[in-house]
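Colleague: The structure that follows is given in the form of structure tokens.
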Amino acid sequence: MKRIGVLTSGGDNPGLNPCIRAVVRMGLHLGLEVMGIHRGYAGLIDGEIDEMDARSVGGIIGRGGTILGTARCPEFYDLQGRKEALRTLNRFGIEGLVAIGGNGSLSGALELHRMGFPTIGIPSTIDNDVNGTNISIGVDTALNTILDAIDKIKDTASSHNRAFLIETMGRDSGYLALVSGITGGAELVLIPEEKTVIDDVCQTIEDAYIRGKTHCIIIVAEGWGPGTQELANQLQERQNELGFSVRVTQLGHVQRGGSPSAFDRLLATRLGAAAARELIAGNEGHMVGWVQNDVRLTPLAEAIAFDKQIDRDLCELARVMEK
Ligand code: F6P
């Protein structure tokens, strides 16, 4: 293998740039030519590709976002789109591909592998819902961003004696909500993996008020049903009996930006470098993950077979700490 390509795809997150940098620099170190593919699979179909050198990834280790750009690409779900992508790869003489992203991006890499093209995946999504890795790139920085917000909201919540619903991202995964709730000292965490009825939420708020707390912080994962807005409406109707009045903060895309943490920079560097090495070693069709403090290969088919399950011990721990 002489020339490889690298792309970032799906929702961005802090950690993509250090990961691109590691793929490029390890690739060059191994004597490969490395091509940067812009806008994920969309740019692969359209042939938006440039050669990268050590300098083209200079100064990016601390930058959020992705210098290659990213996109969600519905065309890639069609065979026709994937055939187009293969034509582009051949046209540019690319013999192997490193795909950095979440479940959708890794599924794309698997499809190309099944069509006979050597690919390797790197898990990178704030949702932390990819199997075969304890943690995905971007999660740690997103958690720190959420914690910063929780600390600030607590200041204003305490000053006004209010309850706050803070909505975190994560799609169908409650990981960000659960871990930020535990580490941010929330009174309650609501995640899609656990059923909570609104009456129980009311009880938590009322208890906090009766115990003389100055605020009540509830972290709500975006995938939790009945949903943050419905909960807010019901709490607002009952705020006289609850004691606290209620406000809502939806953190949104702020969780996807910012300078990557030291943990994410190191994880991205380790996994990016490992991906380049494993691709030329012939371990295509795999994802490089971080398991028990080491790089571990998992077949892409296993990594994306189902969403990673929430850690039940952490759920238990949250219940004990929510006092
Ligand atoms: O997968 C990452 C993620 O940020 C999810 O947590 C969220 O549900 C989704 O992407 C939002 O996607 P978009 O940026 O396309 O609105």
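The values are calculated or read from the model by the stated rules, or taken from the named source; none is laboratory data. None of the values given here were measured: they were computed from a predicted structure. So basically every Cβ, Gly included, is an ideal-geometry build from the backbone, and we count neighbours across all protein chains shown. Note: areas computed on protein heavy atoms with side chains; ligands, DNA, RNA excluded. Shrake-Rupley method; radii C 1.70, N 1.55, O 1.52, S 1.80 Å.
Colleague: Taking the residues in the range 285-303 that are within 9 Å of L110 (Cα to Cα) and of a type in the set (A, V, I, L, M, F, W, C) as candidates, determine which candidate is least open to solvent (accessible area, probe 1.4 Å).
Modeller: The qualifying residue least open to solvent (accessible area, probe 1.4 Å) is L300.
Colleague: Hey, could you check the range 11-35 for residues that are touching a strand residue (DSSP E or B) at 6+ places or on another chain (Cβ under 6 Å) and surrounded by fewer than 23 Cβ atoms within 10 Å (Cβ to Cβ) and say which is nearest to A142 (Cα to Cα)?
Modeller: M35
Colleague: What are the pairs, 6+ residues apart or on separate chains, where a residue within the range 298-323 that is among the hydroxyl-bearing types (S, T, Y) has its Cβ under 8 Å from a residue that is open to solvent by less than 100 Å² (accessible area, probe 1.4 Å) and modelled with pLDDT of 95 or more?
Modeller: T298/N131; T298/G132; T298/T133; T298/H286; T298/M287; T298/G289
Colleague: Sticking with this one: Has the range 233-253 got at least one residue that is under 16 Å from the mean Cα position of the chain (by Cα), in a helix (DSSP H, G or I) and polar (S, T, N, Q)?
Modeller: Checked the range 233-253: no residue is under 16 Å from the mean Cα position of the chain (by Cα), in a helix (DSSP H, G or I) and polar (S, T, N, Q).
Colleague: Filtering the range 263-284 down to residues that are in a loop (DSSP other than H, G, I, E, B) and out of contact with any Pro (no Cβ under 7 Å at 6 or more places or on another chain), which residue is most open to solvent (accessible area, probe 1.4 Å)?
Modeller: Taking the candidates together, the pick is A281.
Colleague: Within the range 111-128, can you find the residues that are open to solvent by 10 Å² or more (accessible area, probe 1.4 Å) and in a helix (DSSP H, G or I)?
Modeller: E111, H113, R114
Colleague: Could I ask something else about it? So how many residues does the range 32-56 have that are over 18 Å from A85 (Cβ atoms) and free of Cβ contacts under 8 Å to residues at least 24 places away in the same chain?
Modeller: 2
Colleague: Would you tally the residues in the range 241-262 being more than 16 Å from the ligand (Cβ to nearest atom) and open to solvent by 50 Å² or more (accessible area, probe 1.4 Å)?
Modeller: Number satisfying all stated conditions: 5.
Colleague: While we're here: Sort out which residues of the range 39-92 are in contact with an Asp or Glu (Cβ under 7 Å, 6 or more places away or on another chain), open to solvent by 20 Å² or more (accessible area, probe 1.4 Å) and under 22 Å from L110 (Cβ atoms), and write them in order of number.
Modeller: R39, I45, T66, T70, R82
Colleague: Count, please, the residues in the range 10-26 that happen to be over 13 Å from L68 (Cβ atoms), within 13 Å of the ligand (Cβ to nearest atom) and not polar (S, T, N, Q).
Modeller: Number satisfying all stated conditions: 3.
Colleague: To continue, here is another question. Is there any pair with a first residue in the range 161-176 that is in the same structural domain as D12 (by TED's automatic domain parsing) and a second that is within 15 Å of the ligand (Cβ to nearest atom) whose Cβ atoms are under 7 Å apart and which are 6 or more apart or on different chains, and what are they?
Modeller: Within 7 Å, no pair qualifies.
Colleague: With the structure loaded, tell me whether T196 is within 24 Å of E230 (Cβ to Cβ), of a type in the set (S, T, N, Q), at pLDDT below 95 and more than 13 Å from the ligand (Cβ to nearest atom) or whether it fails that test.
Modeller: yes
Colleague: Taking the residues in the range 214-229 that are more than 16 Å from the ligand (Cβ to nearest atom) and either modelled with pLDDT of 95 or more or under 17 Å from I146 (Cα atoms) (or both) as candidates, determine which candidate is farthest from the chain's Cα centre (by Cα).
Modeller: In this case the residue turns out to be T214.
Colleague: Taking strands (runs of 3 or more DSSP E) that fall entirely within the range 129-228, which contain at least 2 residues that are more than 26 Å from A262 (Cβ to Cβ), open to solvent by 40 Å² or more (accessible area, probe 1.4 Å) and among the small types (G, A, S)?
Modeller: Result: empty, no element qualifies.
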